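Below: the structure, in structure tokens.
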Amino acid sequence: MTFTDSLRQLGLSAPDPRSDGELVSIFVNSRDEPAFAELLRRHGPSVYGVCRRVLQNPPDAEDAFQAVFLVLARKAGTVRPPGMVGNWLYGVAVRTANKVRVMNARKASRRRESPRGLDQHPATHVAGSPDLDTLAVIDAELASLPDVYRAAFVACELNGRSRSEAARELGWPKGTVAARLAKARELLAARLTKRGVTLGAGLFAAAAVPSTTAAETLSAVREQLAVGTASAVAPAAQTLSDEVVNSMSGFKLKLAAVGVLALALVGGGTALVAGGPEKRPVREPIKAPVPKAVPGEWKERDAITFTDGGRVTNVAFAPSGKTFAVGRDGGQIDFFDPTTRKLQQSMQLKNDPKVNPNTEIGTVTALAFRPTPHDKLGDLFAVTHKNGVNFGTTTLGILADNAAAVDGVPPNWELKGVNPRGVAWPVDGEVIATDGADLWWRGLRRGSWLDIQRTERGKFGQRVLLPRLSGDDDRYLSGWAKDKGEYGIELSPPPVQSSLGGSLEGHKAPLVTAASAAEGKRLVTADEGGTLIVWEAENRDFKNQFKEQRRLELGEGVVQLALAPDEKTLAVVLRKEQFIPIEWPPFQLELLVLDVTDPPVKPKPIWSSVLKSRGFSKGPVSLAFSPDGKTLLAAFGDPFIDAKAAEDEGKVVKPEKSIGVKVWELVPKK
């Protein structure tokens, strides 16, 4: 195919039916020119739209546009997964365009005069629409969103894909696309509101790429691949692409940081270019009304108690915000209204060989909700028992082992001989179970749920299940503890994918628990010695690399952590033995809530209680923040007697009554 034929793919011929991921892979493997031309045809308008919004004149926008696609030609192999090339290009476009803004501001500052006026290169601007600085703010805030949310927004809002089309390109279930798109809109609107900007319709409209600019770009790419230079474009575009590639290969500037720099240029950067005898009017910065933070405090509310004496083993909030679940001893699940905290309904894992031949009540009834509610079936959940995981919905109840298949609900998961003590449903299409040492993975593949992987860790330590990380490589987290004093947290790749895992080291004792939130930009880990480490993500090549930011010494006894959706508020449960010379000494439970961005040296508990040990108490501790982060539930390992341990020592003991679920609410501080 000739180069002229490739140019026709910019709009003079039918679109290529291959997916973005296929086109990227083909180009990486064979430098296929038509594949690259099709990528430019699909994504050129949205990239050019970014460049025109961030920059104030067409020549600069064209240089930035051409630089972006020169970067793609050189770095296409780093796009992970390849189907997210639209999101990748958007991030590079924002980075490149803001680099031009910085360069222009510095040049103007050195000349002590204003940069080129809009009258020299008129910018496309419709009366009554946001000015260019406002648009730059919007793109900067969008660029700083977590990758998974930005990817959904870029695919649907910028590139005009339907949810079904976006799901195919991104490799996500349609429901996940819808949920992440809604979350992206929510986060973006909240951030823009703080800057006094309203997110209106049509703000991210694509821009028609000038045919000459597109042709020059393809010529430059062809030349660059052949001889290493791109003389077909302006020297500024070639230089700009070199700088962006170098920044991606060396120290990777986070998109959030690029966004902050852009906001500085808009909000106060005019000081860089002001002055001189012929000073022109300076654009007024956007006056962003920043709401005053209202100090809050956690107030304990009435606990949810049970009269039957059965212990509580798990608490979990549904993502819809319409219910929360309490896992009970004996396989019972109670659902409560989050506002009134009144019982809505109860469900029971039926230990009946005729109905559920595989179900045997396990040590812990653990429950996890699917991240997004089902359109018709409400909130879906997974619940553990001794031989596997059963599934249910808030509308249909828990499925029996011999129940007919229900569209949208995974079939029950048999793990014969396994006693799972934890379950996670990090994305709609994957479920993970653990018995405290090994992990079992189940995933939706081509419309069917399959057992796809088992990860063995055995004696090397307990597994800690956490939410999925954001970022193109979407890794999971689990704790590890090895022999010879090696401890840490493992960033495990999803099964059947090529992403590499990684480890975070820094603990001097075995890991006990860890926490992260949905955005996955901050992690907190705790070890047996009571050391808490806060890890924060640095975005490199659109992947999160975590670095230790601070640590807090709480002393021995940390048993559970939970990080609120704001990724700042951390709940910590401590279990401290009371050293009293009696056979069964009591122990003290404490609940701390602190800000991990500015933790106190000696945090004070918001609740504490002394409980009888009974010698064999080993109950689980469960914490759950509500989706808005304003309610905290805690089940403090209700009195649980390890019957086998008691029997081995010739003891006969009875459990105490359930202490139920403790409830706290965040209220304005008086």
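The values are calculated or read from the model by the stated rules, or taken from the named source; none is laboratory data. Note that the coordinates shown come from a computational prediction; the quantities given were computed from them, not determined experimentally. Cβ atoms come from the backbone with ideal geometry, glycine included; neighbour counts cover every protein chain shown.
One residue alone among Pro620, Pro605, Pro581 is modelled with pLDDT under 85 and surrounded by fewer than 17 Cβ atoms within 10 Å (Cβ to Cβ), and that residue is Pro581.
Residue-by-condition table, conditions (1) part of a strand (DSSP E or B); (2) surrounded by 13 or more Cβ atoms within 10 Å (Cβ to Cβ); (3) on the phi > 0 side of the Ramachandran plot:
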{"residue": "Trp298", "(1), (2), (3)": "yes, yes, no"}
{"residue": "Asp302", "(1), (2), (3)": "yes, no, no"}
{"residue": "Asp308", "(1), (2), (3)": "no, no, no"}
{"residue": "Val315", "(1), (2), (3)": "yes, yes, no"}
{"residue": "Ser320", "(1), (2), (3)": "no, yes, no"}
{"residue": "Pro338", "(1), (2), (3)": "no, yes, no"}
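Among the residues making up the stretch 158-192, a single one is part of a helix (DSSP H, G or I), crowded, with 22+ Cβ neighbours inside 10 Å, of a type outside the set (A, V, I, L, M) and over 15 Å from the mean Cα position of the chain (by Cα): Glu169.
Report yes if Arg421 is under 20 Å from Thr313 (Cα atoms) and modelled with pLDDT under 85, otherwise no. Yes.
Among the residues of the stretch 319-354, those identified as within 26 Å of Asn402 (Cα to Cα), in contact (Cβ under 8 Å) with a residue 24 or more places away in the chain and among the small types (Gly, Ala, Ser) are Ala325, Gly327, Gly330, Gly331. Scanning the stretch 383-397 for residues that are in a strand (DSSP E or B) and on the phi < 0 side of the Ramachandran plot gives Val383, Thr384, His385, Val389, Asn390, Phe391, Gly392, Thr393. Scanning for something surrounded by fewer than 20 Cβ atoms within 10 Å (Cβ to Cβ) and of a type outside the set (Lys, Arg), does the stretch 382-396 turn up at least one residue? Scanning the stretch 382-396, I find at least one residue that is surrounded by fewer than 20 Cβ atoms within 10 Å (Cβ to Cβ) and of a type outside the set (Lys, Arg), so the answer is yes.
Within the stretch 370-389, one or more residues are farther than 25 Å from Gln453 by Cβ, in contact with a Phe, Trp or Tyr (Cβ under 7 Å, 6 or more places away or on another chain) and not aliphatic (A, V, I, L, M). Reported count of residues in the stretch 561-573, each being part of a strand (DSSP E or B) and at pLDDT below 90, is 0.
One residue stands out in the stretch 515-551 among those that are hydrophobic (A, V, I, L, M, F, W, C) and at pLDDT below 80: the one that is farthest from Pro603 (Cα to Cα), namely Phe542.
Name the residue, out of Val79, Val92, Val50, that is modelled with pLDDT of 90 or more and among the β-branched types (Val, Ile, Thr). Exactly one residue qualifies, and that residue is Val92. Against the condition at pLDDT 90 or above and touching a strand residue (DSSP E or B) at 6+ places or on another chain (Cβ under 8 Å), how does Gly310 come out, does it pass? Considered against the rule, which asks whether it is at pLDDT 90 or above and touching a strand residue (DSSP E or B) at 6+ places or on another chain (Cβ under 8 Å), Gly310 comes out as no.
Does the stretch 347-377 hold any residues that are polar (S, T, N, Q) and assigned to a loop (DSSP other than H, G, I, E, B), and which are they? Correct list: Asn351, Asn356, Asn358, Thr359, Thr363, Thr365, Thr372.
Restricting attention to the stretch 382-430, the residues being over 28 Å from Val621 (Cβ atoms), free of Cβ contacts under 8 Å to residues at least 24 places away in the same chain and among the hydrophobic types (A, V, I, L, M, F, W, C) number 5. Within the stretch 354-377, the set of residues being at pLDDT below 80 and out of contact with any Lys or Arg (no Cβ under 7 Å at 6 or more places or on another chain) comprises Lys354, Val355, Pro357, Asn358, Asp375.
Per the listing Ala73, Ala64, Ala37, the residue uniquely surrounded by fewer than 24 Cβ atoms within 10 Å (Cβ to Cβ), assigned to a helix (DSSP H, G or I) and hydrophobic (A, V, I, L, M, F, W, C) is Ala73.
Restricting Thr323, Thr339, Thr359, Thr307 to residues that are within 18 Å of Phe636 (Cα to Cα) and either among the hydroxyl-bearing types (Ser, Thr, Tyr) or in contact with a Cys (Cβ under 8 Å, 6 or more places away or on another chain) (or both) narrows the list to Thr307.
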